[in-house]
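Presented below is the structure to which this report refers.
The values are calculated or read from the model by the stated rules, or taken from the named source; none is laboratory data. Just so it is clear, the model here is predicted, and its values are computed rather than measured. Here Cβ is always computed from backbone atoms with ideal geometry, including for glycine, and neighbour counts include all displayed protein chains. These area figures cover heavy atoms from the full protein model, side chains too; ligands, DNA and RNA do not enter into them. Shrake-Rupley method; radii C 1.70, N 1.55, O 1.52, S 1.80 Å.
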Amino acid sequence: MTPQRHTRWLGWAAAMAVAAMVFWVLPPLRVVRLSATRHQAAGAAFDAEAFVEKFWRDQLLNPDTPALEANRLVQLLRENPAAAAELGRRLGFSRNTSYFIRGAGRVAAVVPDAVSLFLEGDREEVSVVIETGPVFGNAIRDGSGLLDVNLFPNSQDFNAISGALNRRVEAEVLPHLKAQAAVGRRINFIGGVEVGDPAHALPLRVVPVRIEVP
Amino acid sequence: MKRITFFQTLVAVVAAALVLTACKKSSSDASPDGGPPRIAVVISTLNNPWFVVLAETARDHAKSLGYAATVFDSQNDPAKEAAHFENINASRYAAILFNPTDADGSIANVRKAKAAGIPVFCMDREINATDAATSQILSDNYSGCVALGQYFVKQVGTQGKYIELLGLVGDNNTWNRSKGFHSVVDRYPGLKMVAQQSADFDRARALEVTESLLQAHGDIDALFCGNDAMAMGAYQALLAAGKADQVKVFGFDGADDVVRLIAEGKIAATGMQFPKVMARTAAESAHKYLMGERHFPQKNPVAVELVTRENVSRYGDYGRRDDTSKPAQ
């Protein structure tokens, strides 16, 4: 090998070494397992169940979370629906008003898909019904007033919260109610309620986050 | 006194000209031709009467507020939509009333308009960002379809087979509607979805898709369609197959032809969106912005109401007969 050719080879080797170093530090492509990307994507997606786990524990069941007295709401709906609407929450342009309420009552009737109550301190009339079948709607999410739609870039995430809350009610609250409810028994409840037409608001259809049967 | 040279004079004149030009450019609410300020109405498609109502109401309301308004049709094509935004930004429109083609893909267009100092107000369809548009006026599709799902169960029962026609898969409305519906119907294991296919919110496409699906699933009890244009296409296919009386069709939008068919007992139900409310609210928000208001809710959901044979007399002309302005406030 001539000295000139030797120098050329050394030049090539040096260039390849530099290129190898560059690719090592800044790889133009990276091979990863599909399972790892699936895991990353799942992590990036909104996890409604995890969100609700924390929201339920820290806020909905927190004794400091404000809840309207059910008796007061019932009385206002009978006598002054406009004043009742002032105490509730509306999402954008909506006809429905949502509330987060607490109260105590005596079981008036138990049927396969609902438990109806006479509120304590109220007239002998069913003014609260707790449905024990599948739970739908946004009574807890919107009634609590604790979640702001403007903070959710994708409204599918905001809506997924309602689904997760309703499933939690079905799994954790309603079985206890179904097991304990009997005519004449006293029940304490906290929950959300949606009111459409105030003229037909009663009985309130409450979606409970907590039921106590003393 | 120091003498001003020719060069200094030239620099001063050029600087003054630049300042004046910059001032004119920053004043985006003045039309370049000296006419009224211009508002652009960018619509995902005009190949659907519902969107025509949305576009025309937005345009007419902007005009009634003193603006020149132009409608741009994106033809459900994000590339066309991007080209419209380039044109609008370069032409220095004062505001954009926007119905996006894609919840993610349209964000970049809104950001470019924002960077150009043009406020954007989304109508009906959302973008997946809360820091780009000035405000978004959106149908509460999920809740509307929860109510529709509950009515579906009442009408079809807890046993049966059905087909779902989805809208554009890149649009959040498609999934909010589908998820709201399934949040109810999936709770009844006896209700089996035998096929789910996209027909792109398009009537002709829905006709084709339904014709094809009926070949394999001629024994269905119901069809849930993500909008009324697809409900009309599906109904046409059922009519041609002689199954219109045995299959219940459910739509979503509140389009006039579907409301009429509900009154005649041919379509089971729809969800009334309020395109005129959304368009007017968007135009009024743009006007307020151009008058100096800066505080707008990022998302302003508009309630959707269930329209059935029992209450259909209350609805028509893309809203409630007793209230043409707002569903509630």
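For the range A:106-158, which trypsin sites (Lys or Arg not before Pro) pass both filters: DSSP loop (anything but H, G, I, E, B) and at most 10 other C-beta atoms within 10 Å? List each step's numbers first, then the result.
Details: sites: A:106, A:123, A:141; in loops: A:123.
Here the sparse-neighbourhood loop sites are A:123.
For chain A, what does -39500 (n - 2.57) per DSSP helix run (n ≥ 4), summed and divided by total residues, give at 222 nm, in deg cm²/dmol to the nearest 500? Before the final figure, lay out each step's value.
On the way: 8 runs with 85 residues, N = 214.
Helix contribution divided over all residues of chain A: -12000 deg cm²/dmol.
Summed for both chains, how many Å² of accessible area, to the nearest 100, are buried between B and A with a 1.4 Å probe? Display every interim value, and only then the final one.
Values: alone 14970 and 13390 Å², together 26070 Å².
Approximately 2300 Å², summed over both chains.
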- Which of the aspartates and glutamates could a cross-linker span from residue B:243 if the Cα-Cα distance has to be under 13 Å and same-chain partners fewer than 8 positions apart are dropped? B:211, B:219, B:221
- In percent, how large is the relative contact order of the range B:173-329, given Cα pairs closer than 8 Å and 6 or more residues apart? 18
- Compute the acute angle (0 to 90°) between the alpha-carbon long axis of helix A:70-79 and the principal axis of greatest extent of the alpha-carbon atoms of chain A; round to the nearest 10°. 60
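In deg cm²/dmol and to the nearest 500, what is the mean residue ellipticity at 222 nm of chain B if only DSSP H runs of at least 4 residues count, each as -39500 (n - 2.57), divided by the residue total? Can you show the working numbers first?
Working: 10 runs with 140 residues, N = 329.
Calculated at 222 nm, the ellipticity per residue is -13500 deg cm²/dmol.
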- Connecting every pair of Cα atoms under 10 Å apart in chain B and solving the GNM, the largest mean-square fluctuation among B:273, B:136, B:236 falls on B:236
- Message: Using only the alpha-carbon atoms, how far is helix A:34-44 inclined from the longest principal axis of chain A? Give it as 0 to 90 degrees, nearest 10.
- Response: 50
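Given a 1.4 angstrom probe, I'd like the percentage of the accessible area of the range B:73-120 that is carbon and sulfur, rounded to a whole number.
51
What's the longest uninterrupted piece of chain B once you rule out the GluC sites (Glu not before Pro) that are loop residues per DSSP with at most 13 other Cβ within 10 Å?
Numbers: sites that count: B:264, B:293, B:310.
Segment B:1-263 is the longest.
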- Note on the structure: Listed residues A:79, A:194, A:49; largest mean-square fluctuation, Gaussian network over chain A with Cα springs below 10 Å, found at A:79
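In whole percent, how big is the carbon plus sulfur part of the accessible area of the range A:50-212, probe 1.4 Å, protein atoms only?
On the way: 3520 of 7140 Å².
Solvent-exposed carbon and sulfur of the range A:50-212 make up 49 percent of the total.
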- Item | chain B, relative contact order in percent, only Cα pairs under 8 angstrom and at least six apart counted | 16
- With DSSP loop assignment and no more than 13 other C-beta atoms within 10 Å, the trypsin sites (Lys or Arg not before Pro) in the range B:230-329 are B:294, B:321
- Message: Please report the accessible area of residue A:56 (heavy atoms, 1.4 Å probe, ligands and nucleic acids excluded) in Å², nearest 10.
- Response: 10
- Mind telling me which of B:227, B:141, B:128 comes out most flexible in a GNM of chain B, alpha-carbon contacts under 10 Å? B:128
- DSSP bridge pairs, the protein assembly as shown: antiparallel proportion in percent, nearest 5: 45
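Find the accessible area per residue for chain B; the probe is 1.4 Å, ligands and nucleic acids are left out, and the unit is Å². Can you show the working numbers first?
Details: 13920 Å² over 329 residues.
It amounts to 42 Å² per residue over chain B.
Looking at the range A:50-212 only, what percent of DSSP beta bridges run antiparallel? Nearest 5 please. Each step should come with its number before you reach the end.
Values: 28 of 33 bridges.
Counting DSSP beta bridges with both partners in the range A:50-212, the antiparallel share is about 85 percent.
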- Message: Can you tell me the orientation of helix B:78-90 relative to chain B, as the angle in degrees between its alpha-carbon axis and the longest Cα principal axis, to the nearest 10?
- Response: 30
